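Engineer: Mind looking over this structure? Questions follow.
The values are calculated or read from the model by the stated rules, or taken from the named source; none is laboratory data. The structure displayed is predicted, hence computed values, not measured ones. Note that we place each Cβ from the backbone using ideal geometry, even for glycine, and neighbour counts take in every protein chain shown. Note: areas computed on protein heavy atoms with side chains; ligands, DNA, RNA excluded. Shrake-Rupley method; radii C 1.70, N 1.55, O 1.52, S 1.80 Å.
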Amino acid sequence: MTTAYSEPSTERVPGRAWTVRITGHSDRTASVSCTTSACRMPPRSKDLASLRAFAARHAAAHAKAATVRPNAWCHCGAQHCAAHPETKTHCAGAVLLILRHDATVGRVWSVEEVCETCAPLLAHATVLARAAQPRRRTAQPATDLPATVVPAARPGVPGGFSSPAAGPAEAEGRTTPARRSSRRAPQRTRGRRPGQSR
């Protein structure tokens, strides 16, 4: 019998990337390609607007189907951070799924798993999703452990004051002598006897 391991692996895996690209041809037609070879693309066409709409929908479909993996390496870092050569940084932080697309050129859509340090440095990047934080293991109810006996609370003294805790002598059933107050009782002033001088 085989059992499936349900917890996500902590072993690092390469960050994924999907690139959808429109390529123009000399006969004034264009074609759409995807880095995933199994994806079906439309035929070459002169209708650039419909090809752009298809490419945008296709990149969005990859982003929707992908679950961001918390143990993924930054795809940008794997490319030696070539997308932001002016700013050198160390990859760190949570894994994000981003879409990179320059609307002014409108030919390339990239969906990538990158770290949250590189994401703000990438031009034309939009954060689509963040990796879910790994769940902490919840403590299982201890059914096989012996129950610990909690001593009953001593009754409080009425009026908002509390009773002092029982000392070791009281716990054994012996009584302890009452503590004498360290304060001295105020002395009463005696009246002067007649004929006594100060």
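Engineer: When residues of segment 101-116 are filtered for being under 24 Å from the mean Cα position of the chain (by Cα) and without any contact (Cβ under 8 Å) to a residue 40 or more places away in the chain, how many remain?
Structural biologist: Of the residues in segment 101-116, the ones under 24 Å from the mean Cα position of the chain (by Cα) are 111-116.
Pick out the ones that are also without any contact (Cβ under 8 Å) to a residue 40 or more places away in the chain and you get 116.
Residues meeting the conditions: 1.
Engineer: Then there is this: Working only within segment 30-48, note down all residues that are in contact with a strand residue (DSSP E or B) (Cβ under 9 Å, 6 or more places away or on another chain) and over 19 Å from Ala60 (Cβ atoms).
Structural biologist: Correct list: Ala30, Ser31, Pro43, Arg44, Ser45, Lys46, Asp47.
Engineer: From His75, His90, grab the single residue that is in contact with a helix residue (DSSP H, G or I) (Cβ under 9 Å, 6 or more places away or on another chain) and either under 16 Å from Ala119 (Cα atoms) or in contact (Cβ under 8 Å) with a residue 24 or more places away in the chain (or both).
Structural biologist: One residue alone meets the criteria, His90.
Engineer: Can you tell me which residue in segment 45-71 is most open to solvent (accessible area, probe 1.4 Å), limited to those that are outside any helix (DSSP H, G or I) and at pLDDT 95 or above?
Structural biologist: Lys46
Engineer: Looking at segment 72-118, which of its residues are outside any strand (DSSP E or B), under 11 Å from Gly15 (Cα atoms) and open to solvent by less than 50 Å² (accessible area, probe 1.4 Å)?
Structural biologist: Cys74, His75, Cys76, Gly77
Engineer: Looking at this structure, is Ser31 at pLDDT 95 or above and in contact with a Ser or Thr (Cβ under 6 Å, 6 or more places away or on another chain)?
Structural biologist: Yes: the conditions hold for Ser31.
Engineer: Moving on. Is it true that Val127 is within 23 Å of Leu51 (Cα to Cα) and either at pLDDT below 90 or assigned to a strand (DSSP E or B) (or both)?
Structural biologist: No; evaluated as a whole, the condition is false for this residue.
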